[in-house]
Amino acid sequence: MPATGNSEALAAAFEGGPAYVPYLAVGDPDYDASLEYVEALDRGGADVIELGLPFSEPIAEGPTIQGAVVRSLEGGMTPDRFFAFVEKLDVDAPLVCMTYYNLIYQYGDGDGPRDFVEKAAEVGLEGFVVPDLPAEEADPLREACDEFGLDLVFIVAPTTTGDRLERIMSRVSGYVYVQARLGTTGAKSDVADSTTESLDRLREYDVPKAVGFGISSGEHAERIVAGGADGIIVGSALVDIVAEGVEADLSTEAVADRLESLSRELKAGAERGYAARTEAAESR
Amino acid sequence: MSETEPTTNDAPELSRRPGRRRGRDDGKFGRYGGQYVPEALMPAIEELTDAYERYVLDNEDGFMDEFRERLADFGGRPTPLQRAERLSERYDREVYLKREDLLHGGAHKLNNALGQVLLAKYMGKERIVAETGAGQHGTATAMAAAHLDMPCEIYMGERDINRQRPNVFRMKLNGAEVNPVTAGRGTLKEAISETMRDWATTVENTHYVIGSVVGPHPFPVMVRDFQAVISEEARAQSIEKTGDLPTDVVACAGGGSNTMGSFAAFVDDESVALHAIEAGGSTLEVDEEAGVAPNSASLFAGEEGVLHGARTKLLQDSDGQIMESHSVSSGLDYAGVGPELAYLVDEGRVTPVAVDDDAALEGFHRLSNTEGIIPALETAHAFGYLEEHAEDLGERVVVTVSGRGDKDLESVIEETDKRDVAGAPDMSMFSGGI
């Protein structure tokens with residue numbers, strides 16, 4: 001997959017095999033444990049890590065990630081602490097910030113996204129996913145990303161077609177986040193068939209396609225990559241592990257181990273899917 | 001819309017309303033407005049924009065005619081513009097009341113709810129979802145949905161459900177399902193977020209009846225157009241009764257549907273001053289640490305930001321996290337405000353004023369015992385304003401009575417008992433529940 005964006009690290013993450021892209025809300029349930037958890041994802045084989053900066057009104061999130069947002073905000077997470085967290089983090093995978101537009105807009109002078117992007121570049125982030133920022137409103141953030149060499153990932157829904165798809169694909173860089181089904185985030189026992197249709201619609205665009213929403217097992221990951229995805233994005237299934245740790249009062253180490261082991265399962269699933277796809281292509 | 005002239009007399013008149021051209025283009029009011037929503041909602045919003053332009057702006061299939069007919073027959077419109085005799089004497093100027101409290105359901109909310117549920121029917125939708133804070137919009141939507149035979153689900157914060165049990169019962173009586181929202185602090189803003197999440201999953205067969213002039217385009221212009229009937233009537237009634245336009249229009253502002261409804265037909269009349277009265281709560285100071293603003297004065301004290309699909313004025317901390325607002329009146333209790341109002345305030349066309357809980361309670365009692373009208377606590381803020389600022393106003397003032405106060409009696413007893421409210425009866429015998 002050729003590089004299509006500003007970040008070489010993000011482009012490299014999608015080369016030579018499927019990318020495993022895990023998400024965790026930073027500061028969930030507290031700053032120190034959260035550092036351990038993100039590092040566990042890295043050990044488990046993460047190719048890119050999406051770090052959630054919690055916003056008080058997360059309209060695109062289901063109950064699982066809402067819970068993480070509440071825990072993190074109650075623990076005192078702020079944009080400045082988020083940036084400090086990113087600086088402190090010791091991981092190999094490139095990092096992408098997932099947050100809502102008001103936090104990006106208000107940072108610094110409070111009059112646009114540039115200050116936030118500048119700071120993000122300084123602490124070593126490679127890009128952004130902003131679920132409440134449609135392509136129509138995204139030009140100021142797109143320009144700031146280009147100025148500081150970061151990528152801007154957009155979400156494509158099962159309902160995104162025609163002019164809207166064109167508008168999004170003309171502004172996306174890094175990778176495109178293919179939403180596997182309608183609704184909000186959340187782990188599901190099954191993954192929707194609409195994924196294949198979405199991937200077909202995107203085939204002509206030269207940017208990596210990472211599928212998310214509902215992926216919770218190695219089997220899902222395998223099926224989705226076999227179906228043509230360049231990567232898988234997993235959030236709620238990992239956040240569930242953190243939440244269970246809080247509920248059962250598990251040690252940070254025990255939770256980190258579980259995160260690492262699910263990561264290995266997901267990554268292995270993605271690789272099996274990729275092998276199957278390559279084999280099918282060769283036998284054709 | 002065909003190439004021929006619209007068949008009703010209303011359509012050409014409507015198309016001159018301010019903001020309409022902007023609304024048709026991209027939903028921007030200066031720097032405010034827009035469509036900040038998850039991608040999964042965009043197709044629904046585009047579909048709704050198309051339906052709004054065809055049915056509401058162009059009266060396709062006689063939509064607006066049916067809307068007006070139902071507002072008259074089911075809703076009881078027009079509502080009167082009544083001269084308030086004691087208040088006129090007290091303030092030494094003509095005070096007129098636009099009586100939205102007399103609309104079916106007891107508040108202006110039905111204008112919007114009926115319009116949107118009817119629109120959902122025209123769009124072929126099979127299900128209605130709506131959020132509610134205090135329950136006023138929820139009860140109006142449940143009434144409209146029952147009237148138009150549409151299945152209806154209302155999202156309401158768990159804390160609000162406990163505070164507003166009679167309204168929950170009313171919704172259920174009208175056949176609506178009430179879904180408790182436990183996220184966050186369990187109030188209006190969480191209920192809006194949760195309804196948006198439902199809609200993101202069900203867009204194909206569901207319409208979201210938003211309760212105010214907030215949210216992504218086309219909601220702010222569409223809700224304004226449904227509520228504009230308030231000021232269209234008041235304008236004509238004022239000319240009929242007094243031979244002239246009012247000098248001032250006063251309306252309370254939470255999200256802003258009553259405010260925009262009361263102002264819309266007057267925005268082009270430069271001689272008419274427009275006053276938006278916000279809930280000043282207990283104080284305009286904010287507690288950044290706790291994330292709480294003990295008021296709901298987003299026009300007066302808020303900063304620009306993005307919430308629930310629109311860029312507008314918000315109560316937020318310096319990082320951009322949304323604050324928990326507060327008001328003695330739960331209907332004004334929202335951290336944002338409609339983007340068009342934010343724009344009209346910046347343009348200097350609308351003057352925002354904050355009136356605190358105490359003054360609102362006094363206003364409540366004053367209107368009750370001098371005019372025989374028990375107003376909603378939201379409305380009472382407008383009368384608190386009148387008491388404090390009557391001298392700044394011109395000779396003919398129209399105040400919108402946005403709703404009646406029966407729903408608020410328990411909180412009025414409780415709040416009055418805590419204070420020394422001028423003109424209030426002794427409520428101590430009722431405190432602790434009646």
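The values are calculated or read from the model by the stated rules, or taken from the named source; none is laboratory data. Source: prediction; values computed, not measured. Cβ sites come from the backbone with ideal geometry, for glycine too, and all protein chains shown count toward neighbours. Side chains included, ligands, DNA and RNA excluded: accessible areas come from the protein's heavy atoms. Shrake-Rupley method; radii C 1.70, N 1.55, O 1.52, S 1.80 Å.
Data table
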item	result
Relative contact order of chain B, defined on C-alpha pairs under 8 angstrom at six or more residues apart (%)	17 percent
Cα-based convex hull volume of the range B:116-213 per residue, rounded to whole Å³	78 Å³
Separation of alpha-carbon centers, the range B:168-214 and the range A:217-284, rounded to whole Å	34 Å
Protection-proxy order for peptides B:92-99, B:286-293, A:195-202, B:381-388, each taking the mean of Cβ atoms within 10 Å per residue, highest first	B:381-388, B:92-99, A:195-202, B:286-293
Neighbour net charge for A:Leu250 - beta-carbon separation under 11 angstrom, K R +1, D E -1	-4
Accessible area per residue in Å² at 1.4 Å probe, computed on chain B	36 Å²
Probe 1.4 Å, protein heavy atoms only - accessible area per residue of the range A:8-283 in square angstrom	36 Å²
Hits among lysines - C-alpha to C-alpha of B:Lys313 under 20 Å, sequence gap 8 or more where chains match	B:Lys28, B:Lys189
Percent RCO, i.e. relative contact order, over the range A:1-78, from Cα pairs under 8 Å lying at least 6 residues apart	34 percent
Reachable lysines from B:Lys241, criterion Cα separation under 27 angstrom, eight or more residues apart if same chain	B:Lys98, B:Lys109
Per-selection Kirkwood Rh - the range A:132-284 (Cα, Å, 1 d.p.)	16.8 Å
Dipole of the protein assembly as shown, positive direction: furthest Cα of B:Thr195, B:Ser325, A:Leu51, with charges on the beta-carbon	B:Thr195
Per-pair calculated FRET efficiency, R0 = 35 Å: A:Thr161 and B:Ser318 via Cβ, rounded to 0.05	0.30
Cα-based convex hull, the range A:14-103, per residue volume (Å³, whole number)	100 Å³
Cα-Cα pairs of the range B:219-367 separated by more than 23 Å (percent)	37 percent
Minimum 20 Å² accessible area buried by the other protein chains, the range A:80-105 residues, probe 1.4 Å, relative to alone	A:Tyr101, A:Asn102, A:Leu103, A:Tyr105
Accessible area buried at the B-A interface, both sides summed, 1.4 Å probe (Å², nearest 100)	2800 Å²
Carbon + sulfur, % of accessible area of chain B - ligands and nucleic acids excluded, 1.4 Å	45 percent
Value in Å of the Kirkwood radius, where the range B:290-408 supplies the Cα pairs that are averaged	15.3 Å
Three-way shape label, the range B:349-414, alpha-carbon gyration tensor, a/c 1.5	prolate
Reachable lysines, given that their alpha-carbon falls under 16 Å from the alpha-carbon of A:Lys88 and they are not under 8 places away in the same chain	A:Lys119
In sequence order, calculated HN-Hα J values of the range B:293-309 (Karplus, 6.51, -1.76, 1.60; Hz; x Gly/Pro)	9, x, 8, 10, 8, 6, 6, 6, 10, x, 10, 4, x, 10, 8, 6, x
Distance cut-off 32 Å, percentage of C-alpha pairs in chain B lying past it	30 percent
Taking the range A:8-283 and dividing mean pair separation by its residue count, relative contact order in percent (alpha carbons under 8 Å, at least six apart)	23 percent
Debye equation applied to the C-alpha atoms of the range B:21-176, log10 I(q)/I(0) at 0.12, 0.19, 0.20, 0.21 Å⁻¹	-0.67, -1.23, -1.26, -1.30
Environment charge of A:Asn6, counting only residues whose C-beta is closer than 11 Å and scoring Lys/Arg +1, Asp/Glu -1	-4
Chain-alone versus full-assembly comparison, the range B:303-328, residues with accessible loss of at least 50 Å² (1.4 Å probe)	B:Val306, B:Asp319, B:Gln321
Rg to Rh, two decimals, where the range B:163-293 supplies the alpha carbon set and Rh follows Kirkwood	1.05
Dimensions in Å of the protein assembly as shown - Rg and Dmax from alpha carbons	26.6, 93
Within the accessible area of chain A (1.4 Å probe), percent carbon and sulfur	43 percent
Convex hull (Cα only) mean projected area of the range B:60-123, reported in nm² to one decimal	5.2 nm²
MRE, 222 nm, helices only [DSSP H, n ≥ 4, -39500 (n - 2.57), over chain A, to nearest 500]	-15000 deg cm²/dmol
Per-residue mean of C-beta atoms belonging to partner chains within 10 Å, peptide A:49-61	5
Ranked by how many other beta carbons lie within 10 Å on average, peptides A:26-33, A:174-181 from highest	A:174-181, A:26-33
From phi via Karplus (6.51, -1.76, 1.60), per-residue ³J(HN,Hα) for the range B:187-202 in Hz, x at Gly/Pro	10, 4, 5, 5, 5, 4, 4, 5, 5, 4, 5, 4, 4, 5, 8, 10
Hydrodynamic radius by Kirkwood, which averages 1/r over all alpha carbon pairs of chain A, in angstrom	18.6 Å
Residue-span extension gain [B:Asp61 to B:Asn369] - 0.36 nm each, minus C-alpha spacing	106.2 nm
Net charge over other residues, Cβ less than 13 angstrom from the Cβ of B:Gly106 (K, R count +1; D, E count -1)	0
Karplus-derived 3J(HN,Hα), 6.51/-1.76/1.60, for each residue of the range B:131-144, Hz, glycine and proline x	9, 8, x, 6, x, 5, 5, x, 5, 5, 5, 5, 4, 5
Distant-in-sequence amide H partners of A:Gly127 (H built 1.01 Å from N, under 5 Å)	A:Cys97, A:Asp151
